[in-house]
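To start, the structure itself, in structure tokens.
Derivation of every value follows stated rules applied to the coordinates shown; laboratory data play no part. Just so it is clear, the model here is predicted, and its values are computed rather than measured.
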Amino acid sequence: MKILVISDLHANIDALRAVWAREGDADVVLCAGDVVDWGFHPHETIAWLKEREAICICGNHDVETLRLYDSGVREEVGMETTYASHCVNAMTAEDVSFLRSLPEVVVKELDGITYCMKHSVTMHERTSTVQQYLGEYRSIPTFATLWESLTGGLAAAERRIILGHSHICYILRAMAHEFYLNPGSTHYRKGRDSAAKGADYMVIIDGIPQLRHVDYPTAHLRARIEASNFPQNIKTPALVYAGSHID
């Protein structure tokens, strides 16, 4: 079995299409949240997930976008000052229903391995914390406690927790048959790799996880950011994430 694991899509349909062009033979798609916000194509991104019957959970940006939608506050179409406002205007009622349907946690057995997927946990909230673990530790001692809290102590011979949120790819071993997996972001990186462009993701083939990356054209994305009504404190990092200094 081939599993495609993605996270932090942030309404970037171009990145998803680039990933699928390489990994379109995947049997299962897992998405660890943050489907919308910080991107221009929430409707197309949600349609992509629905078409592939992706197993998906909600992320903090999905929750915040729904909160803005429910507030009734709207900015004029084409004059939005935040990505969330743009997404609220660009989503259909069916898109909103899809986001509302996303659970916080999913537990799924695939190829005899039990996966628990949650967008973020306290241990991995900050980018700096993840980098510390990557740089200083070979194993993480809190896996059993976290597994208990997320699954109710579900028994499994091999168990893996899939996380998103940090935008940093990693495979961290807790014990012999316990792993943390994070596919990174298909939209943009944080920390030391924030200046890179392209989509990060993971594939799991016959139980073996592999971190992968694919580039895609971003010139039109940068042009749209430049033409937006976003304030400079949003526009500047958005252009960096789109690789404005690379091409």
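Okay, here's what the table says:
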item: Candidate lysines - alpha carbon under 20 Å from K197, same-chain residues fewer than 8 apart omitted; result: K235
item: Amide hydrogen neighbours beyond the local backbone of V106, cut-off 5 Å, H modeled; result: M117
item: Quarter of the Cα convex hull surface for the stretch 2-239, i.e. its orientation-mean projected area (nm²); result: 12.6
item: Considering only the chain, percent of DSSP beta bridges that pair antiparallel, nearest 5; result: 60
